[in-house]
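Below you'll find the structure, written out as structure tokens, and then a few comments.
The values are calculated or read from the model by the stated rules, or taken from the named source; none is laboratory data. From a predicted model like this one, the values you see are computed outputs, not experimental measurements. Here Cβ is always computed from backbone atoms with ideal geometry, including for glycine, and neighbour counts include all displayed protein chains. Each accessible area value is taken on the protein alone, full model and side chains, heavy atoms only, with ligands, DNA and RNA left out. Shrake-Rupley method; radii C 1.70, N 1.55, O 1.52, S 1.80 Å.
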Amino acid sequence: KAQELLVKNKVQELLLSLQALEIAAAENELAERKLKQEKIFRNSLFAGMGLLTLIAGLLFNRYNLQKKIKEQKALLEVRNKISKDLHDDIGSTLTSIHILSDVSEKAIEKDPLKVKEMLHTISGQSKQVQQNMSDIVWAIRPDNDKIDNLITRMREYIGQTFEPQGITTRLQVDDSILETSLPMDYRKEVLLIYKEAMNNVLKHANASHVDITLTKDTKILNLTIKDNGHWKHNPHATGTGSQSMRERAAHIGGNVEVLEMNPGTMVSLAAPIP
């Protein structure tokens, strides 16, 4: 019996050892499966992150490409607009100067007085061409993008044209907008609208004083020019350049109004700032 009991115990110990080995083997198998699953998950995660990074890179490159194409298109439109201005304005003026020069040369002995008048016209047109070129060069310079630079240019025009004529001016500007940046084409159109309106006052209004104000209402730039004169003819006539001002305002998404006052006339520009 003692031997049987000993054998029985040995068998039980052997069975327990076998069970322990089976459990250990099962645990090892489970651990290996878990490691494989974790490895597959980790690789899938890395692959997914890599794919997302690749997609994000492609989308970012596409966005930059579209942005660059848009910028190039906008730049091309501005270049075309400047080219049109040069062709329409300066080109036609140079043609006129050429014609007047030929006529003057032929008439220099027969009609000196007429030649003198034509030379005076040539001088004025040459000065206008020079000024127009100067305005375009000013507009395309990137360091002139602030409203403060626009105000300086406006004051220069007053000093060159109104002060010699004894016409007083008052230029009022909201100081909070001086550092506001304006795109190249936008500031060019605003400057030329201002100069057209001021030139109309000088030629047609018989004014002694002009009030100029420049303010911003939310994202709208407001420019008003009011004189105290009595116009020689209807300020709404096409000869005063009102149509040109309206076209320039429309080009930057704004509008121009010409209002008859008592006395004088007021030109108002309202244009959204990009």
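With respect to Asn222, determine if the residue is surrounded by 13 or more Cβ atoms within 10 Å (Cβ to Cβ), at pLDDT below 90 and of a type in the set (S, T, N, Q).
In short, no.
When you scan the stretch 200-219, how many residues do you find that are outside any strand (DSSP E or B), of a type outside the set (D, E, K, R) and farther than 16 Å from Ala249 by Cβ?
The number of residues fulfilling the criteria is 8.
Taking the stretch 202-216, which residues are open to solvent by less than 30 Å² (accessible area, probe 1.4 Å) and either closer than 29 Å to Ser176 by Cβ or under 28 Å from the mean Cα position of the chain (by Cα) (or both)?
Once the filter is applied, which keeps residues that are open to solvent by less than 30 Å² (accessible area, probe 1.4 Å) and either closer than 29 Å to Ser176 by Cβ or under 28 Å from the mean Cα position of the chain (by Cα) (or both), the stretch 202-216 yields Val210, Ile212, Leu214.
I need every pair where a residue in the stretch 157-185 that is exposed (fewer than 15 other Cβ atoms within 10 Å of the Cβ) has its Cβ under 7 Å from the Cβ of a residue that is in a loop (DSSP other than H, G, I, E, B), sequence separation at least 6 or different chains.
Every condition considered, the pairs that remain are Thr168/Ser208; Ser181/Asp145.
Check Leu76, Leu58 and return the single one that is exposed (fewer than 12 other Cβ atoms within 10 Å of the Cβ), modelled with pLDDT under 80 and on the phi < 0 side of the Ramachandran plot.
Leu76
Please go through the stretch 244-274 and pick out each residue that is in contact with a Leu (Cβ under 9 Å, 6 or more places away or on another chain) and polar (S, T, N, Q).
The answer is Ser244, Asn255, Thr265, Ser268.
Could you identify the single residue in Asp85, Asp148, Asp143 that is touching a helix residue (DSSP H, G or I) at 6+ places or on another chain (Cβ under 8 Å), part of a helix (DSSP H, G or I), within 29 Å of Ile225 (Cα to Cα) and at pLDDT 80 or above?
Going through Asp85, Asp148, Asp143 in turn, just one is touching a helix residue (DSSP H, G or I) at 6+ places or on another chain (Cβ under 8 Å), part of a helix (DSSP H, G or I), within 29 Å of Ile225 (Cα to Cα) and at pLDDT 80 or above: Asp143.
Would it be correct to say that Glu105 is open to solvent by 100 Å² or more (accessible area, probe 1.4 Å), under 30 Å from Gln128 (Cα atoms), in a helix (DSSP H, G or I) and modelled with pLDDT of 75 or more?
Answer is yes for this residue.
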